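This report refers to the structure that appears directly beneath it.
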Amino acid sequence: MVSPPVPLALSPQFAVPFAVGRVPGCGPLNRELEALLLARENDQHRNPTPTHVPQLETFESRFDLFRWPEACIQELRRAMLTSVAQAVLQSSEITPEQLSRLTLHNHTWFHVSRYAGSFVAHNHPLASWSAVYCVRAGESVSEHPDSGVLRFFDTRPGADAYLDATNRRLRAPFAVRPLEFHLEEGQIVIFPSYVFHEVAPFYGRDARITVATNCWFT
Amino acid sequence: MSVPPLSVNPLFAVPFISALLPGAQALNPALLALFGARATEAYRDGQLKPDPLCFRSREDLFEWPEPAAANLRGEVLGAVCQAVMAASTLTEAEFDGLAVQARARFVVVRPNGALPAASVPLASWCALYCVAVPAPHPSRADSAAVRLYETRLANMFLDASNSQLRPPFAPGHQVWHPVPGEIAVFPASIMHEVALNRGDRDLVLVAARLRFAHPRMEALPPW
C-alpha cells in the first residue's frame, strides 16, 4: 500500500544575498559618466598597483573614484552606496538605526573594456559588500552570447561533481551553476565580497564601462 | 630568546601532474590533421553553447576508430594511470583490479577565443593533452594558458603577514602553459579555464575525464 505523501517544507539554505536594481532615469547620468570616465582613461588615473595581471584591453582606474568632486560621480556615489545600505538592511537583522551609527567605507573604481577585454575570476578580501554598476553595456554580439558577461561562480564547489538523473536538473535556486548577468545600463548588482566572479571576454567593437565598489562598515 | 625548530608543511594539497607523452612526436601531426578535418558542425558538441572562437567536439573522441585516436587513448590512459598511482596509496595489484572509464573531446581555442571555467562532473580525474599551441605572446604571460582555480576560499581576511605567503601557501590561481606533447592531470573537481588566446594561431587540446571503477563498486551514474 502506498503511503500518502508527507507534507514537506522545501526551502533554500546556505543562501547568498544578491540585490539587483536599476537607477531610475539614469540616461543623462550615464552620458555624463561615460564622457568623464573615457576622458580619464589614462595613465594618470590608472590603478598603479593592480592585484591581477593588467590587460591592455581592460583599463582599471585608481580606487578613489567616489572622492572625485564632479556632480555625476557624487550622484552615482549616493545611488550606489544607498543601494548597498538597502541590501544590508534587507538581508541582515541590522536595523536602520543601528546602520546609521556605522561608517560606510569604500574603494571604488571604473573599468573600461574594449574588444577581447576580460577580467579574471577573483573576490574582494577585506570587504563585506561589493557592487557593480553598468554605465555602458557595450555592443551586444549575437555570435558571442557571453560577451562581457558578469559571471558569479556558485559558492558550493563540488556540489555538481556527482550527478544523476534527479539532481542534474534541479530548479532555481537549487541548481548548481554560475549566475550570469548581461548588464544593462543603469543596472546595479550588489553581492557579498567573498563571491568569486569574472568578466567574460567582451567582443563588442565599442567600450563596456562599469563602476565597481567594495564596501565595509565600522 | 631561543627559537624552536619548526616544521612547515603544505596541507590540503591538490595533486597536479604533468608529463611529456613518449609517443607525442608521431601522434600530434596525425591528430592535428584529424581534428582539422573534424572541427565542423557535424562533430561539435551540441549540448554546449556554440562559440565561433572556441570549438568543442563531442565527448566521444576515445571511441573513434582512427589509429591516431586509438593511440592517443592508450597514451593518455597510460599517463593518467601513472599519475593516479603516484598520487594515491593504491598498490599496483589494487590498481590493476580497477576498470578505467574515460571520455574525451578535442578543443580548438582560436585567436581571441577562450574556454570558460568549469569543473568536470562524474569523474575523479581530468587530463588535458596539448596537441598544438600558438607562439608565446611577448607581453601576455597568460595567453592561451590553462588557469586552475584556487580551491582554498579563505582569503577574505588579509593582513601584512598572510598577504605575502610563499608558494605553495600563497592563495591564488595556478597556471599551466601547455606544451605540445605534454599532458596535465589533476582532480576533476578543480575549476579550470583557458585564458584568452592572444596569439595568431590555434591552441589545440584534448580534454579527458576519467574515473576508476572497483569490481565491487555499485554502478556509477551514466556520464
Seminar exercise, completed: For region B:140-212, the percent of accessible surface on carbon and sulfur atoms (probe 1.4 angstrom, ligands and nucleic acids excluded) is 55 percent
Problem set entry | Positions from region B:144-180 whose accessible area shrinks by 30 Å² or more when the full protein complex is built, not the chain alone, probe 1.4 Å | B:149, B:153, B:155, B:156, B:158, B:173
Problem set entry | Å² per residue, accessible surface of region B:1-67 at 1.4 Å | 69 Å²
For this session: Report, to the nearest 10°, how far helix A:27-39 tilts away from the longest principal axis of the Cα atoms in chain A, using its own Cα long axis and a range of 0 to 90°.
Result: 60 degrees
Exercise. Which trypsin sites (Lys or Arg not before Pro) from region B:115-154 combine a DSSP loop assignment with at most 13 other Cβ atoms within 10 Å?
Worked result: B:152
Exercise. Using a Gaussian network for chain B with springs between C-alpha atoms less than 10 Å apart, which of these wobbles most: B:180, B:65, B:22?
Worked result: B:65
For this session: Leaving ligands, DNA and RNA out of it, report the carbon-plus-sulfur percent of the accessible area of region A:6-145 at a 1.4 Å probe.
Result: 56 percent
Problem set entry | P(r) histogram, all alpha-carbon pairs of region B:33-125 included - 10 Å bins from 0, percent | 13, 39, 32, 14, 2
For this session: Take chain A, connect every pair of alpha-carbon atoms lying under 10 Å apart with a spring to form a Gaussian network, then pick out the residue of A:79, A:137, A:15 with the largest mean-square fluctuation.
Result: A:15
Exercise. What's log10 of I(q)/I(0) for region A:60-190 at q = 0.14, 0.20, 0.21 Å⁻¹, Debye sum over Cα points only, no solvent?
Worked result: -0.86, -1.35, -1.40
Exercise. So what does log10 I(q)/I(0) come out to for chain B at q = 0.11 Å⁻¹, using the Debye formula with one equal point on every Cα and no solvent?
Worked result: -0.61
Exercise. What number, in percent, do you get for the relative contact order of chain B if the mean sequence gap of Cα pairs under 8 Å and at least 6 apart is divided by its residue count?
Worked result: 31 percent
Exercise. Between chains B and A, what is the buried accessible area summed over both chains (1.4 Å probe, protein heavy atoms, nearest 100 Å²)?
Worked result: 2300 Å²
For this session: Could you work out the Rg to Rh ratio of region B:48-88, with Rh taken as the Kirkwood radius (inverse of the mean 1/r over all Cα pairs)?
Result: 1.14
Problem set entry | Apportionment of accessible area to carbon and sulfur, region B:26-106, percent (1.4 Å) | 55 percent
Seminar exercise, completed: Of all GluC sites (Glu not before Pro) in region A:87-182, the ones in DSSP coil with at most 11 other Cβ atoms within 10 Å are A:93, A:143
Exercise. Per residue, how much accessible area does region A:112-193 show when a 1.4 Å probe rolls over the protein heavy atoms, in square angstrom?
Worked result: 46 Å²
Seminar exercise, completed: Expressed as a whole-number percentage, the relative contact order of chain A with C-alpha contacts under 8 angstrom and at least six residues apart is 33 percent
Exercise. Out of every Cα pair in region A:3-84, what percent are spaced more than 21 Å from each other?
Worked result: 53 percent
Exercise. Among the chymotrypsin sites (Phe, Trp or Tyr not before Pro) within region A:158-192, which fall in a DSSP loop and have no more than 16 other Cβ atoms within 10 Å of their own Cβ?
Worked result: A:162, A:174
Exercise. Could you give the length gained on full extension between residue A:177 and residue A:94, defined as 0.36 nm per residue of separation minus the Cα-Cα distance, in nm?
Worked result: 26.9 nm
Exercise. If you line up the long axis of helix B:67-87 against the longest principal axis of chain B, both from Cα atoms, how many degrees apart are they, to the nearest 10?
Worked result: 20 degrees
For this session: Could you give me the percent of Cα pairs per 5 Å distance bin for region A:39-127, shortest bin first, beginning at zero and ending with the bin that holds the maximum distance?
Result: 3, 11, 18, 20, 17, 16, 9, 5, 2, 0
Exercise. Which angle from 0 to 90°, rounded to the nearest 10, does the C-alpha axis of helix B:24-38 make with the longest principal axis of chain B?
Worked result: 60 degrees
Exercise. Given a cut-off of 27 Å, what percent of all Cα-Cα pairs of the protein assembly as shown lie beyond it?
Worked result: 60 percent
Exercise. What accessible area per residue comes out for region B:74-223, rounded to a whole number of Å², with a 1.4 Å probe?
Worked result: 46 Å²
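The values are calculated or read from the model by the stated rules, or taken from the named source; none is laboratory data. Keep in mind the model is a prediction, meaning the values are calculated, not measured. Every residue, glycine among them, receives a Cβ derived from its backbone with ideal geometry; neighbour counts consider all protein chains shown. These area figures cover heavy atoms from the full protein model, side chains too; ligands, DNA and RNA do not enter into them. Shrake-Rupley method; radii C 1.70, N 1.55, O 1.52, S 1.80 Å.
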